[in-house]
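The values are calculated or read from the model by the stated rules, or taken from the named source; none is laboratory data. Being a predicted model, the structure only gives us computed values, none of them experimental. Every residue, glycine among them, receives a Cβ derived from its backbone with ideal geometry; neighbour counts consider all protein chains shown.
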Amino acid sequence: NSVLSTIEQGTLEVITPEELEAKLEKDEKTAYIGYEPSGKVHLGHAITVKKMIDLQKAGFRIKILLADLHAYLNGKGSLEEIEEIAEYNKRCFRALGLSEDTEFILGSSFQTREDYTMNVYQLALSTTLTRARRSMAQITRSAEDHQVAEVIYPLMQVVDMLFLEVDLAVGGMEQRKIHMLARDNLPKLGFQSPVCIHTPLLHGTDGSDKMSSSKENFIAIDDEPAMIREKIKKSYCPAGEVEGNPVLEIAHHFIFSEMDTLLIERPEKFGGDLELSQEELLKMYGAGDLHPLDLKNGVAECLIQVLEPVRNYLQI
Ligand code: IYR
């Protein structure tokens, strides 16, 4: 089944493939993802947006939750500030290629309803503090002091799935524990659990586990060419290392997804230009036969090209 394999392509897990197959048989089906509004939409976001575009092409209706209340509970600012950022994020997601009929929903438009709130309370009664906190491990903003808000957050995310009536939920791997909480609990509330799809996390340009707007280790989808060059040039990229190398990861997700080869321009005295498939690139870089600077130059120029339509869309 080619639709199934396009959906699974590039994901870390589909829970469960059998359930996904059954969903594909439905005439009307909805997939959703939620994002805390963020000052900069970066390549980490783009990985999941690209998956939503795959799902849109596979016939899913797409709902994008602009999770303003979640961002608020995660200490990202006042609701007014967050809502303004949400508007900007909506344009960014469209710029990445989601079609006109994508539905954008502001979390606060339904998350204070009485029936929503009652569901949150019901879940609160059946979820242990330990599990709620664990589910937030890679999501919560600060680890110093833990606010009650931190354990309300995942419960609300579970109830979102119920309210948005989704067949499928997408998220980066850091969302998996919340998604598992949903799959264990929605049936108890009398609802069918959505299929969950998890995408890999992109390392930060500093080599840390996760690209994130709060850590200044991101490349924004609308960064200017000079900024992209500068950020890639400063990126963590140890010679000969292919694991956890953010520059090679960027090439994988954003260059080789669009084209078969990467052009690396080098002065004659350093061996001249190269045009490499992903396989050739990994082999050569892993063997220490390609200098990090040459890799960075090639990836930066190509990424600048790939992001050009996105920058143009956002400039108007
Ligand atoms: N937890 C997400 C934001 C989020 C996602 C979904 I799916 C929701 O229903 C609500 C919020 C994040 O970490 O960005």
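Would you mind finding the one in A31, A22, A71, A46 that is surrounded by fewer than 23 Cβ atoms within 10 Å (Cβ to Cβ) and modelled with pLDDT of 95 or more?
Values: A31 fails: surrounded by fewer than 23 Cβ atoms within 10 Å (Cβ to Cβ); A71 fails: surrounded by fewer than 23 Cβ atoms within 10 Å (Cβ to Cβ); A46 fails: surrounded by fewer than 23 Cβ atoms within 10 Å (Cβ to Cβ).
Among A31, A22, A71, A46, only A22 is surrounded by fewer than 23 Cβ atoms within 10 Å (Cβ to Cβ) and modelled with pLDDT of 95 or more.
In a helix (DSSP H, G or I) and without any contact (Cβ under 8 Å) to a residue 40 or more places away in the chain - does that describe any residue in the range 93-105? Step through it out loud before you land on a result.
First, pick out the residues of the range 93-105 that are in a helix (DSSP H, G or I): 93-95.
This time we only want the ones that are without any contact (Cβ under 8 Å) to a residue 40 or more places away in the chain, so: none.
No, the range 93-105 contains no residue that is in a helix (DSSP H, G or I) and without any contact (Cβ under 8 Å) to a residue 40 or more places away in the chain.
Residues to consider are I219, I232, I197; find the one that is under 17 Å from the mean Cα position of the chain (by Cα), more than 10 Å from the ligand (Cβ to nearest atom), crowded, with 23+ Cβ neighbours inside 10 Å and within 15 Å of E249 (Cα to Cα). Outline the logic, then answer.
On the way: I232 fails: under 17 Å from the mean Cα position of the chain (by Cα); I197 fails: within 15 Å of E249 (Cα to Cα).
The unique qualifying residue is I219.
Looking at the range 215-241 only, could you name the residues that are of a type in the set (A, V, I, L, M, F, W, C), in a helix (DSSP H, G or I) and in contact (Cβ under 8 Å) with a residue 24 or more places away in the chain? If you could, list the steps in order and put the result at the bottom.
Here is the first cut: in the range 215-241, the residues of a type in the set (A, V, I, L, M, F, W, C) are 218-221, 226-228, 232, 237, 239.
Next cut, in a helix (DSSP H, G or I) only: 226-228, 232.
Within the range 215-241, I228, I232 qualify.
Considering only residues that are more than 9 Å from the ligand (Cβ to nearest atom), modelled with pLDDT of 95 or more and either within 17 Å of K210 (Cβ to Cβ) or within 19 Å of the chain's Cα centre (by Cα) (or both), which ones fall in the range 143-181?
Selection gives D167, L168, M173, R176, K177, M180.
List every residue pair whose Cβ atoms lie under 9 Å apart, where the two residues are 6 or more positions apart in sequence or sit on different chains, the first residue falls within the range 242-266 and is touching a residue at least 60 places away in the same chain (Cβ under 8 Å), and the second residue, located anywhere, is among the hydroxyl-bearing types (S, T, Y).
I250/T205; I250/S235
Only one of these is crowded, with 20+ Cβ neighbours inside 10 Å and not in a loop (DSSP other than H, G, I, E, B): L282, L303. Name it.
Details: L282 fails: crowded, with 20+ Cβ neighbours inside 10 Å.
Within the list L282, L303, the selection yields L303.
Please work out if I85 is among the β-branched types (V, I, T), more than 14 Å from the chain's Cα centre (by Cα) and assigned to a helix (DSSP H, G or I). Give the steps one after another, and end with the answer.
Working: among the β-branched types (V, I, T): yes; more than 14 Å from the chain's Cα centre (by Cα): yes; assigned to a helix (DSSP H, G or I): yes.
Here the answer is yes, as I85 does meet what is asked.
If we keep just the residues of the range 1-39 that are within 16 Å of the ligand (Cβ to nearest atom) and hydroxyl-bearing (S, T, Y), which is farthest from the chain's Cα centre (by Cα)?
Only one residue fits best here, namely T30.
Would you please name the residue that is farthest from the ligand (Cβ to nearest atom), looking only at residues in the range 59-73 that are touching a strand residue (DSSP E or B) at 6+ places or on another chain (Cβ under 6 Å) and in a loop (DSSP other than H, G, I, E, B)?
Result: F60.
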